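Working notes for the structure below.
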Amino acid sequence: MNPIATVFRRELKGYFATPVAYVFIVIFLILAGSLTFYFGGFYERGQADLSAFFIYHPWLYLFLVPAIAMRLWAEERKSGTIELLLTLPITMFQAVLAKFLAAWAFVGIALALTFPIWITVNYLGDPDNGVIFTGYVGSFLMAGAFLAIGSCLSAATRNQVVAFILTVVACFLLLLAGFPLVLGFFQTILPQGVVDAISGLSLYAHFDAISKGVLDLRDIVYFVLTIGAWLYATAIVIDLKKAD
Amino acid sequence: MIETTQLTKRYGNLTAVDGISFKVEPGQVLGFLGPNGAGKSTTMKMIAGFLAPTSGGAKVCGYDVESQPIEAKRSLGYLPEGAPSYGEMTPRAFLEFIADVRGIAGDARKRRLDDVIGRLQLEGVLAQPIDTLSKGFKRRVGLAQAILHDPPVLILDEPTDGLDPNQKHEVRALINAMSHDKIIVISTHILEEVHAVCTRAVIIAGGKLLADATPAELETRSRYHGAVSLTATNTGEARAALARVADIESIEIDPQDHRITAFPKKGRAIFVAVSDALKAQNVTVSELALEAGRLDEVFRTITQPQIKGGRA
């Protein structure tokens, strides 16, 4: 069997070997639901769409995804299994990718379990299911970007708490960079080109575009490149920190 | 075959491994000896392909560990220090995972799994999470993982560390049983282990290779090599009798158990002369033994000047 698939399966099973996975999924579903209904005003809006649901995903992921990502490499380093994994006949790239994909698939499972809300909105009204679909795609891509960032920062330390905090901060900064409030501030002091560049780097701007139903190739490329770059950085960081 | 050439690892200013070159042929069990922090583990990590050497290189079965890492890793089994494994998995799931990553499929997969499970007597714990196993079993799971693909080269970093005497005996028996057609490198600081399993010993301290010989050759370097030790009922009489043996250089008496050790002059054998002299003087001895040499003493003499700094 392909070593990526083998490591992927082991990792994904590993999530469900402890109660952590179930706790995560339950918390994710409760938070996603309560944010949508209480803060998003799902019913009060009176609109058959899921924007009240997706709009809170960046904030939900900001804390939940680093909790998944923090153990990716920090735990391997702490328990010494990194030495085992990297002396098996697989390349560093395969190991990094397999572990990332397993974590991403796990978040994907949690996200997929929100399907009742999709059914609900279809029962209540006649929503544009294409927009809802792109909303899920955007949400999933953003979770992937957060995870890739977390993977890299988790490789930088063997302390999971440090990895968690670093990841939250990094993701927070990348999210903020796209908010009108922040961009407005930059607009007063920086030329428009630079402001556009900052907003272009922001995860939020690209997520927002996709979740509004505009599946632009550029946004997808942005996420793929972001994930790729952070995973590449993960491999470099592991190489640098291996000896400690 | 394992071959290292001027293998060197530096961390900033610190040289952990300093130009180590050696060759190991099939059938040899090479013991890495050295104080803690001597560079044993670092050397093994470089051969296993975990750490990249700063300079120099290593080849496993003809594959360079840096330019052909996958081929090199395929031909070796590695037990990292502390025998790490995924604690939430059961030994069965863990070994199956290793088999899959190593691409062992079909009949061979079942055959190899049965073989290592039998050899390391893991049948009783196959369904128990590794986290809940005793240290001895964890170590055995680590060993099972290393030999699963029946590699021509085995690198075992402190395979018996933390095991009880029975378990140590079992692991050594296992190593001996595999040694005839494999290359095995083990690191240890238990000197009796060198006798028990190694055909060759390398002493490393301060990152440098200081000695490379068979255990028996190392022993001949000991001050005790060829010395005769005895315990007499009357120490004074025995001492007087020994004074008549011309080839004795010096005599030492252990202050605790009054065991007498007579050291020969260089290149002389004194055992027969000593036993004759004792008989002639009618000295009763409860024990009389020819010393082969003491490895711990050789080890100290070789490594003592080097024990400054270094890292594991």
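The values are calculated or read from the model by the stated rules, or taken from the named source; none is laboratory data. Keep in mind the model is a prediction, meaning the values are calculated, not measured. Cβ placement follows ideal geometry from the backbone for every residue including glycine, while neighbour counts extend to all protein chains displayed. Only protein heavy atoms, including side chains, enter the accessible area calculation; ligands, DNA and RNA are left aside. Shrake-Rupley method; radii C 1.70, N 1.55, O 1.52, S 1.80 Å.
Other protein chain C-beta atoms within 10 Å of residue C-beta, averaged over A:168-174: 0.
How much mean residue ellipticity at 222 nm does chain A get from its helices, if each DSSP H run of length 4 or more adds -39500 (n - 2.57) and you divide by all residues, to the nearest 500 deg cm²/dmol?
Working: 15 runs with 194 residues, N = 244.
Rounded to the nearest 500, the figure is -25000 deg cm²/dmol.
In peptide A:12-23, what is the residue-averaged number of other protein chain Cβ atoms found within 10 Å of each Cβ?
Working: counts 0, 5, 5, 1, 1, 7, 2, 0, 0, 0, 0, 0.
Whole-number average of other-chain Cβ neighbours for A:12-23 is 2.
In order along the stretch B:285-290, the phi-based Karplus estimate (6.51 cos²θ - 1.76 cosθ + 1.60, θ = phi - 60°) of 3J(HN,Hα) comes to 10, 8, 7, 9, 9, 8 Hz; Gly and Pro are listed as x. Between B:Lys279 and B:Ala213, the distance separating the two model label sites (each 7 Å from Cα on the Cα→Cβ line) works out to 3.2 nm.
Taking 0.36 nm per residue of separation and subtracting the current Cα-Cα distance, fully stretching the chain between A:Ala112 and A:Asp126 would add 3.0 nm.
The stretch B:235-297 and the stretch A:121-162 have their alpha-carbon centroids 81 Å apart.
Suppose only helical runs count, i.e. DSSP H with n ≥ 4. What mean residue ellipticity at 222 nm does that imply for chain B under -39500 (n - 2.57) per run, divided by all residues and rounded to the nearest 500 deg cm²/dmol?
Details: 11 runs with 107 residues, N = 312.
Computed ellipticity for chain B at 222 nm equals -10000 deg cm²/dmol.
Across the stretch B:228-291 the C-alpha pair distances fall into 5 Å bins from zero in the proportions 4, 21, 36, 27, 11, 2 percent. Among the DSSP beta bridges whose two residues both lie in the protein assembly as shown, what percent are antiparallel, rounded to the nearest 5? Just about 65 percent of them are antiparallel. Each label point was placed 7 Å from the Cα along the Cα-to-Cβ direction; for B:His195 and A:Leu29 their separation is 6.5 nm.
Across every pair of different alpha-carbon atoms, what Kirkwood hydrodynamic radius in Å does the stretch B:2-220 reach? Provide the component values of the computation, followed by the final result.
Numbers: mean 1/r = 0.0566 Å⁻¹.
Here the Kirkwood hydrodynamic radius works out to 17.7 Å.
I'd like to compare B:259-268, A:182-191, B:148-157: which one has the highest average count of other Cβ atoms within 10 Å, and what's the full order after that?
Details: B:259-268: 16.0, A:182-191: 12.9, B:148-157: 21.9.
Per-residue Cβ counts within 10 Å, averaged per peptide and sorted highest first, yield B:148-157, B:259-268, A:182-191.
By definition, a body whose alpha carbon gyration tensor gives a ≥ b ≥ c is prolate when a/c is 1.5 or more and a/b is larger than b/c, and the stretch B:197-312 fits this prolate description. Taking amide H atoms as placed 1.01 Å from N in the peptide plane, the amide H of B:Asp18 lies under 5 Å from those of B:Lys9, B:Lys208, each 5 or more residues away in sequence or on another chain.
With the convex hull drawn around the C-alpha atoms of the protein assembly as shown, the volume per residue stands at 199 Å³.
In a simple Cβ point-charge model (Lys, Arg +1; Asp, Glu -1; nothing else charged), the stretch A:8-136 has a dipole of about 520 debye relative to its Cα centre.
What does the charge dipole of the stretch A:106-222 about its Cα centre add up to, to the nearest 20 debye, if the Cβ of each Lys and Arg holds +1 and the Cβ of each Asp and Glu holds -1? Numbers along the way, then the final one.
On the way: 3 positive and 6 negative charges, 79 e Å.
Value, rounded to 20: 380 debye.
Remark: for residue pairs B:Lys135/B:Lys182; B:Lys73/B:Lys208; B:Lys9/B:Lys40; A:Lys78/B:Lys138, the C-alpha separation exceeds 21 Å in B:Lys135/B:Lys182; B:Lys73/B:Lys208.
What is the Rg over Rh value, at two decimals, for the stretch B:37-136, using alpha-carbon atoms and the Kirkwood definition of Rh?
Numbers: Rg = 15.8 Å, Rh = 15.4 Å.
Reported Rg/Rh, Kirkwood definition of Rh: 1.03.
The A:Lys212 and A:Phe16 beta-carbon pair, evaluated with R₀ = 30 Å, returns a calculated FRET efficiency of approximately 0.30.
Rounded, prolate or oblate: which one fits the stretch B:43-91, using the alpha carbon gyration tensor with axes a ≥ b ≥ c (rounded when a/c is under 1.5, else prolate when a/b beats b/c, else oblate)? Write out the running numbers ahead of the final one.
Values: a/c = 2.96, a/b = 1.90, b/c = 1.56.
In terms of gyration-tensor shape, prolate.
Largest first, the residues A:Phe164, A:Phe93, B:Phe94 sort by 1.4 Å accessible area into A:Phe93, A:Phe164, B:Phe94. Between rounded, prolate and oblate, where does the stretch A:57-149 land on the alpha carbon gyration tensor, with a ≥ b ≥ c its root eigenvalues, rounded for a/c under 1.5, else prolate if a/b exceeds b/c? Prolate, because a/c is 1.5 or more and a/b exceeds b/c.
Under the convention that each Lys and Arg Cβ holds +1 and each Asp and Glu Cβ holds -1, the size of the dipole of the protein assembly as shown around its Cα centre is about 660 debye. Here the peptides B:70-77, B:23-30 are ranked by packing, the mean other Cβ count within 10 Å, and the order with the highest first is B:70-77, B:23-30.
Multiplying the residue separation of B:Ala292 and B:Ile251 by 0.36 nm and subtracting their alpha-carbon distance yields 13.1 nm.
Go ahead and run the numbers for FRET between A:Val169 and A:Ile236, Cβ-Cβ distance against an R0 of 25 Å, rounding to 0.05. The value I calculate is 0.80.
Axis angle, to the nearest 10 degrees, between helix A:57-69 and the longest C-alpha principal axis of chain A: 10 degrees. Enumerate the residues in the stretch B:80-119 having an amide nitrogen under 13 Å from the point lying 7 Å beyond the Cα of A:Arg9 toward its Cβ. Within reach of a label on A:Arg9, which here means backbone N under 13 Å from a point 7 Å along Cα→Cβ, the stretch B:80-119 contributes B:93-106. Which one of A:Val161, A:Gly125, A:Gly178 has its Cα pushed farthest toward the positive end of the charge dipole of the stretch A:115-236, where Lys and Arg give +1 and Asp and Glu give -1 at the Cβ? Farthest along the dipole direction, towards plus: A:Val161.
Neighbouring Cβ atoms from other chains, within 10 Å of the Cβ of residues in A:76-87, number 6 on average. Karplus-derived 3J(HN,Hα) values for the stretch A:122-132, using 6.51 cos²θ - 1.76 cosθ + 1.60 with θ = phi - 60°, are 6, 6, 6, x, 10, x, 7, 5, x, 5, 4 Hz; glycine and proline are entered as x. Under 5 Å from the amide H of B:Arg200 lie the amide H atoms of B:Val29, B:Gly31, each residue being 5 or more positions distant or on a separate chain, with H modelled from the backbone and absent for Pro and chain starts. Residues in the stretch A:185-191 carry Karplus couplings, in order, of 5, 5, 4, 6, 10, 10, x Hz; the curve used is 6.51 cos²θ - 1.76 cosθ + 1.60 with θ = phi - 60°, and Gly or Pro positions show x.
Of all DSSP bridge pairs formed entirely within chain B, close to 65 percent run antiparallel. Legend: residues B:Met1, A:Met142, sorted from most to least accessible area (1.4 Å probe; ligands, DNA and RNA excluded), read B:Met1, A:Met142.
The distance separating the Cα centre of the stretch B:1-55 from that of the stretch B:121-136 comes to 32 Å.
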